[in-house]
Amino acid sequence: MGAKCKSCGAVNFPATFSCLQCGGAAFEPLKLSGKGTIYCYTTVSRGGAPPEFSTQQNLVGAYHVAVVELKEGPKVVAQLTNCKAEELKIGLPVEATFRRIYEDDGMVRYGVKFMPVRTT
Amino acid sequence: MRQVAVIGVGQTKFGDHPEASAGDLFARAFNDAVTDANKGFDPKLIQEAYVGTLGVGGGQLGNFSAVVGEAAKITGVPITRVENACASSGFAFRCAYLAVASGICDVTLAGGVEKMRDLSPDRLRYWLGVSGDTEWERLAGMTFAGVYALMAQRHIHQYGTKEEQLHMIAVKNHKNGADNPKAQLQRAITLDQANKSASVCHPLRLFDCCPTTDGASAAILCDLETARKFSDMPVRVLGVGAGTDRLALFRRDDFTTLKATIFAARQAYDMAGLKPKDISLAEVHDCFTIAEIMAYEDLGFCQKGEGGKLIEEGITQIGGRIPVNPSGGLKAKGHPIGATGVGQIYEITNQLRGKVEKSTRQVPNAKYGLAHNVGGSGATATVHILGL
Amino acid sequence: MRLVELPVGIVGCGVYVPRQRIKREEYQKAWGYFAPRWVEEKSVADFDEDPITMAVEASSNALRNTGYDPSLLDALYFASTSPPYAEKQNATTIATAVGCRSDTATLDVSASTRCGLSALLSGLDYVNSSRGKTCLIVASDSPSGQPNGPLDHQLGAGAAAIILGRDITNGTVEGSVSLTSESLGERFRRDGHRFVTTLELGRYHDAASEATITSCVKELMKKLGRSTKDYDFFAIVGVDPNRGLELAKKLGFEETKTALSSVLAKIGDTGAASSLIMLSKLLESSSFKQRVLLCAYGPGSGADALSIVVEGKMKAAEGLTLDEYLARKNYIDYPAYLRTRRFYENS
């Protein structure tokens, strides 16, 4: 759920206390499509991961993180899933999916990852 | 506002110090700074101190000021721990400067210290993620290497910068570090080695990333009048600037520049009445090689997007038009987070005085030196310009 | 004007099958054999998927297929034999992720491969009693067996969500019978243990399942006054499909009318989700009105049998049908299976 600024119309995500574009503080909720394109990305290889992701790194090796420019405007940073390094490029269309992100204090933290839009 | 000068600087070797606590390290750097004020200086003259540290390792986080006081034997005077991630001692230096410039103090101490080598990899990587946006960037799976990797990718995409140019920065800084007895890494590397090293966060490879380091640095500041009593070569602080930016990279408009650097640089140049072309040498914040390329542009040494060309053409080598990181930079000299900023002041002071440890690193006719210190992925930055 | 309350029915459905698949040949390479004859390949949840994430996908798909906004849901029921949390309601996490209101009734149903249908029956009760107008039931499962035992071989992963309401009906439940039947050892998992297991008592288990399933189905047909001729389709889940075919024949159903083992052959045993995946397939693929008898057996639990009339009018959104999910796949080998299923992780 994004927040559309009532003063300047910019869509903010995640919802913040003041609009990134104009500093305004009044918003209306806007459901986001979850679709966007890769603005930039990196592949986190051994040694580059925060400790919450040590287990993941040991299980599946290198993983990919991207800044995704959503269709509605705002940029978000999130992991990519269901993709191969070779297919990643700036501008690749991706869509949001609900996944396990990490575990902390015995609790599972769920969140959004992005994956390339596919037909096959 | 009064003119302020640096009368003495000190720095430990940067690297592994299993034998010393954070306090021990600071004491060493401080004592060297006292001795460096070569006409004789009584530490009891210090009226206030600002010391930068993130508190990664070492074990003492709260009230670190008390540790500083005991290490420098100046317990009693006001001491403040300054924290702005990797720009901590840059900001500590700024505070120490302001205290003297404003007339509140005549003599102040600025410094920094960090112990990082006493932590397990998991605990260390926790700290390497705390100065970025925790909620979104770290919990999306990135530490600094990841954030700077994203900046590198955009710089390559927007300006055609080549990955190899990133590695050239590493080669240059390792070459300089090989001639610096106080550097953590004193081994030159070849471009081929750098090009083929393991990927850390694509496109950044092993040699594009600075190491983790233990170390301490100290600088004693004084008003210019009084300074001449303690040193025959006081180094004047001519320009002072600092700035901030949004914490999370993805919230910024342009990933290829650090607005905080541009802001701080403008303030410093204006105050000093200087332009980028007047600078004889610079110590910039190359936590990752891409950061040095962006610094060339943000500090005005070249146009936006031309940073890659600058390194490729050798302009920032010692002997080039504007030597950058003659000490080896964070890349080879090391990056004890809290100590880095004042460590840059240490190098610049020595360069301006012609007193660099190895003459091969001495920049000839050094007149004005610029120190550029950045916190995290660019949320904070300081720029200081010094001259004899 | 008198307001006539529309009958409760199935508004629509949504499914989710993970992309990762492993073929029987990979098991043969790893272990020298592959236990279930009826599985060609099965679906495998990725390291960052679990019954909650799959339930969110299936539920979101059901909402997209029906055009319903999540704020219309009055209740959300979750069914699984492998819920990520034993205590901390899983349905709540799903409802929050999907965008339900805070006054949505949530319920977790577990402990048996039958519980997908049990949850569906509870959902029907919810709407029938007018506690609310619309209820979403999502069965999502990813059971695991000991890697060095035969039971794990057949266990797959998947999810299906059914929306019940009074608005449009693409299907109605004519009636149901629920039987309870205590028997031990056929398939169970103790509290605090990850792996479902079996005592492999062969004939004893067969006797129990046959008795329960046949009684349940016969009673339902008797209650509704129907015979096998009235049904266009018959499916049993909770026993392997070959056994299911045998039992169907014994009950008098023609072989042509029992199908969908082809679906299970591609995804394996999806625990509590199997029944609702079958139902979803029927809803999506029927192009004319059909009467279906669906029976879910739970070892050591009993069985639920439902008689459902599928209208044959449901259209799924593009890309979201079961067949399309089945077609989107990447094959993995056995070591990758062990890694993504976290069999190496310390518990």
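The values are calculated or read from the model by the stated rules, or taken from the named source; none is laboratory data. Keep in mind it's a predicted model, so treat the numbers as computed, not measured. Note that we place each Cβ from the backbone using ideal geometry, even for glycine, and neighbour counts take in every protein chain shown.
Given the condition under 20 Å from residue C:327 (Cα atoms) and away from chain A (no Cβ under 14 Å), answer yes or no: does some residue in the stretch C:42-49 qualify?
yes
State whether one or more residues within the stretch A:82-99 are touching a Gly at 6+ places or on another chain (Cβ under 8 Å), modelled with pLDDT of 85 or more and facing chain B (nearest Cβ under 8 Å).
Looking for residues that are touching a Gly at 6+ places or on another chain (Cβ under 8 Å), modelled with pLDDT of 85 or more and facing chain B (nearest Cβ under 8 Å), one finds none in the stretch A:82-99, hence no.
For the stretch A:77-99: of the residues being in contact with a helix residue (DSSP H, G or I) (Cβ under 6 Å, 6 or more places away or on another chain) and of a type outside the set (Val, Ile, Thr), which is nearest to residue A:45 (Cα to Cα)?
Selected residue: A:79.
If a residue has to be buried (at least 19 other Cβ atoms within 10 Å of the Cβ) and within 22 Å of residue C:340 (Cβ to Cβ) to count, how many in the stretch C:161-206 make the cut?
1
Is the stretch C:277-291 home to any residue that is among the hydroxyl-bearing types (Ser, Thr, Tyr) and within 27 Å of residue C:29 (Cβ to Cβ)?
Looking only at the stretch C:277-291, we keep the residues that are among the hydroxyl-bearing types (Ser, Thr, Tyr), and these are C:280, C:285-287.
If we keep only those that are within 27 Å of residue C:29 (Cβ to Cβ) as well, we get none.
No.
Taking the stretch C:291-347 only, how many residues are part of a loop (DSSP other than H, G, I, E, B), touching a residue at least 60 places away in the same chain (Cβ under 8 Å) and among the polar types (S, T, N, Q)?
3
Specify which of the listed residues (C:59, C:112) is touching a Gly at 6+ places or on another chain (Cβ under 7 Å), crowded, with 23+ Cβ neighbours inside 10 Å and within 14 Å of another protein chain (Cβ to nearest Cβ).
Answer to the check: C:59.
Can you find a residue that is out of contact with any Gly (no Cβ under 7 Å at 6 or more places or on another chain) and of a type in the set (Ser, Thr, Tyr) anywhere in the stretch B:161-175?
No; the residues of the stretch B:161-175 include none that is out of contact with any Gly (no Cβ under 7 Å at 6 or more places or on another chain) and of a type in the set (Ser, Thr, Tyr).
Could you please let me know if residue A:68 is surrounded by 21 or more Cβ atoms within 10 Å (Cβ to Cβ) and either closer than 30 Å to residue C:88 by Cα or of a type outside the set (Ser, Thr, Tyr) (or both)? Break it down stepwise before answering.
Working: surrounded by 21 or more Cβ atoms within 10 Å (Cβ to Cβ): yes; either closer than 30 Å to residue C:88 by Cα or of a type outside the set (Ser, Thr, Tyr) (or both): yes.
Yes; evaluated as a whole, the condition is true for this residue.
For the structure I just gave you, tell me whether residue C:25 is within 13 Å of chain A (Cβ to nearest Cβ), charged (D, E, K, R) and either surrounded by fewer than 20 Cβ atoms within 10 Å (Cβ to Cβ) or assigned to a helix (DSSP H, G or I) (or both).
The answer is no for residue C:25.
Of the conditions (1) within 26 Å of residue C:268 (Cβ to Cβ); (2) polar (S, T, N, Q); (3) at pLDDT 90 or above, residue C:227 satisfies every one except a single condition; which number is it?
So residue C:227 meets the others, but not (1).
Can you find, within the stretch A:35-58, the residue that is farthest from the other protein chains (Cβ to nearest Cβ) among those that are surrounded by fewer than 20 Cβ atoms within 10 Å (Cβ to Cβ) and of a type outside the set (Ser, Thr, Tyr)? Outline the logic, then answer.
So in the stretch A:35-58, the residues surrounded by fewer than 20 Cβ atoms within 10 Å (Cβ to Cβ) come out as A:35, A:37, A:46-47, A:52, A:54-55, A:57-58.
With of a type outside the set (Ser, Thr, Tyr) added as a condition, the list becomes A:35, A:46-47, A:52, A:57-58.
Working: A:35: 13, A:46: 8, A:47: 6, A:52: 7, A:57: 9, A:58: 8 Å.
The extreme case among them is A:35.
For the stretch C:120-155, name all the residues that are touching a residue at least 60 places away in the same chain (Cβ under 8 Å), farther than 13 Å from residue C:196 by Cβ and surrounded by 24 or more Cβ atoms within 10 Å (Cβ to Cβ).
If the condition is that a residue be touching a residue at least 60 places away in the same chain (Cβ under 8 Å), farther than 13 Å from residue C:196 by Cβ and surrounded by 24 or more Cβ atoms within 10 Å (Cβ to Cβ), then C:120, C:135, C:136, C:137, C:138, C:139, C:140 are the ones that fit.
Looking at C:311, C:254, which is the one that is out of contact with any Gly (no Cβ under 9 Å at 6 or more places or on another chain), of a type outside the set (A, V, I, L, M, F, W, C) and at pLDDT below 90? Talk me through it step by step, then tell me what you get.
Values: C:311 fails: out of contact with any Gly (no Cβ under 9 Å at 6 or more places or on another chain).
Answer to the check: C:254.
With a cut-off of at least 1 residues that are in contact (Cβ under 8 Å) with a residue 12 or more places away in the chain and within 14 Å of another protein chain (Cβ to nearest Cβ), name the helices (runs of 4 or more DSSP H) lying wholly within the stretch B:65-178.
B:121-130, B:144-159, B:163-178
Yes or no: residue A:61 closer than 22 Å to residue C:51 by Cα and away from chain B (no Cβ under 11 Å)? Walk me through how you get there before you give the answer.
Numbers: closer than 22 Å to residue C:51 by Cα: no; away from chain B (no Cβ under 11 Å): yes.
No.
Has the stretch A:60-78 got at least one residue that is assigned to a strand (DSSP E or B), in contact with a strand residue (DSSP E or B) (Cβ under 9 Å, 6 or more places away or on another chain), of a type in the set (Val, Ile, Thr) and free of Cβ contacts under 8 Å to residues at least 24 places away in the same chain? Outline the logic, then answer.
Residues of the stretch A:60-78 that are assigned to a strand (DSSP E or B), as a first pass: A:63-70, A:75-78.
Pick out the ones that are also in contact with a strand residue (DSSP E or B) (Cβ under 9 Å, 6 or more places away or on another chain) and you get A:63-70, A:75-78.
From what is left, the residues that are of a type in the set (Val, Ile, Thr) are A:65, A:67-68, A:76-77.
Okay, now just the ones that are also free of Cβ contacts under 8 Å to residues at least 24 places away in the same chain, so A:77.
Checked against the condition, which is being assigned to a strand (DSSP E or B), in contact with a strand residue (DSSP E or B) (Cβ under 9 Å, 6 or more places away or on another chain), of a type in the set (Val, Ile, Thr) and free of Cβ contacts under 8 Å to residues at least 24 places away in the same chain, the stretch A:60-78 yields at least one hit.
Is at least one residue of the stretch A:25-33 of a type in the set (A, V, I, L, M, F, W, C) and at the interface with another protein chain (Cβ under 7 Å from one of its Cβ atoms)? Give the derivation first.
Residues of the stretch A:25-33 of a type in the set (A, V, I, L, M, F, W, C): A:25-27, A:30, A:32.
Retained after the next criterion (residues that are at the interface with another protein chain (Cβ under 7 Å from one of its Cβ atoms)): none.
For the stretch A:25-33, residues of a type in the set (A, V, I, L, M, F, W, C) and at the interface with another protein chain (Cβ under 7 Å from one of its Cβ atoms): absent.
Which residues, counting only those in the stretch B:212-231, are surrounded by 19 or more Cβ atoms within 10 Å (Cβ to Cβ), not β-branched (Val, Ile, Thr) and not in a strand (DSSP E or B)?
B:227, B:230, B:231, listed by residue number.
Each row is one residue, and each column tells you yes or no for (1) more than 14 Å from chain A (Cβ to nearest Cβ); (2) within 30 Å of residue C:175 (Cβ to Cβ).
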position: C:305; (1), (2): yes, yes
position: C:309; (1), (2): yes, yes
position: C:316; (1), (2): yes, yes
position: C:321; (1), (2): no, yes
position: C:326; (1), (2): no, no
position: C:331; (1), (2): no, no
position: C:337; (1), (2): no, no
position: C:340; (1), (2): no, no
position: C:343; (1), (2): no, no
